[in-house]
Amino acid sequence: MEVKGAALLYTLATLSVTFAGFAALLLMLRQSAGASLSALDRFLARTIVGHFFWLAAGAIIPPVLGLYELPEPLIWKGSAVLFGLPMLAILLTYQRRRIAATGSSAPPRILIVFVGVGSLSLVAMIAAIFANFAYSATVYASAIAVNFITHCYAVVTALEVILSQQLDRTSKGG
């Protein structure tokens, strides 16, 4: 049984894996050009790749559960728990993990958009699905899409930070 929104979920999974690879490739190119990787570079690379792969996994959970021919409400409730709760924990621990890995906190805009908006969308998704909202597939796909967008924002912001650090090092050393 194909679940509602499967095509969109597959597209989001594909985009997530593509962005994970793109981000990792950018850091490898930077390193091959002679720049050394800082603790922040390594943390951001690990985080970006890990988060995008988790988004891809979240996008394929409902179709996999659908193969078991479970009732549709159970598919979405199971998906909300299997994806939503771990993703929420990952987002809510981002600041602590970043400080532990790099010694510095994230910029406020990252905390607001990436952690705040991403977390709110997950809480709203879980609440709506467990409240038996009529459009569970829409709510689930929307939460994945919102988190994909907030992750893209975080990648662009991370690239700005990494590139500005490289420019600072270059201007001070040359």
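FYI, it's all coordinate maths here, none of it is from the lab. Given the structure is predicted, the values throughout are model-derived calculations rather than measurements. Cβ placement follows ideal geometry from the backbone for every residue including glycine, while neighbour counts extend to all protein chains displayed.
Computed quantities for the displayed model
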quantity	calculated
Verdict on residue 26 being surrounded by 15 or more Cβ atoms within 10 Å (Cβ to Cβ), more than 22 Å from residue 116 (Cβ to Cβ) and more than 15 Å from the chain's Cα centre (by Cα)	yes
Qualifying positions in region 49-78 - assigned to a helix (DSSP H, G or I) and over 21 Å from residue 19 (Cβ atoms)	64, 65, 66, 67, 72, 73, 74, 75, 76, 77, 78
Candidates 149, 144, filtered to the one that is closer than 18 Å to residue 16 by Cα and surrounded by fewer than 16 Cβ atoms within 10 Å (Cβ to Cβ)	149
Filter result (surrounded by fewer than 20 Cβ atoms within 10 Å (Cβ to Cβ) and either among the aromatic types (Phe, Trp, Tyr) or assigned to a helix (DSSP H, G or I) (or both)) within region 106-118	108, 109, 111, 112, 113, 115, 116, 117
Single unsatisfied condition, residue 35 versus (1) outside any helix (DSSP H, G or I); (2) of a type in the set (Gly, Ala, Ser); (3) buried (at least 20 other Cβ atoms within 10 Å of the Cβ)	(3)
Region 59-68, residues that are touching a Gly at 6+ places or on another chain (Cβ under 8 Å) and either under 16 Å from residue 12 (Cβ atoms) or hydroxyl-bearing (Ser, Thr, Tyr) (or both)	61, 62
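Residue by residue, here is whether (1) closer than 23 Å to residue 149 by Cβ; (2) buried (at least 17 other Cβ atoms within 10 Å of the Cβ); (3) small (Gly, Ala, Ser) holds:
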| site | (1), (2), (3) |
| --- | --- |
| 4 | yes, yes, no |
| 7 | yes, no, yes |
| 41 | no, yes, no |
| 46 | yes, no, no |
| 61 | yes, yes, no |
| 74 | no, no, no |
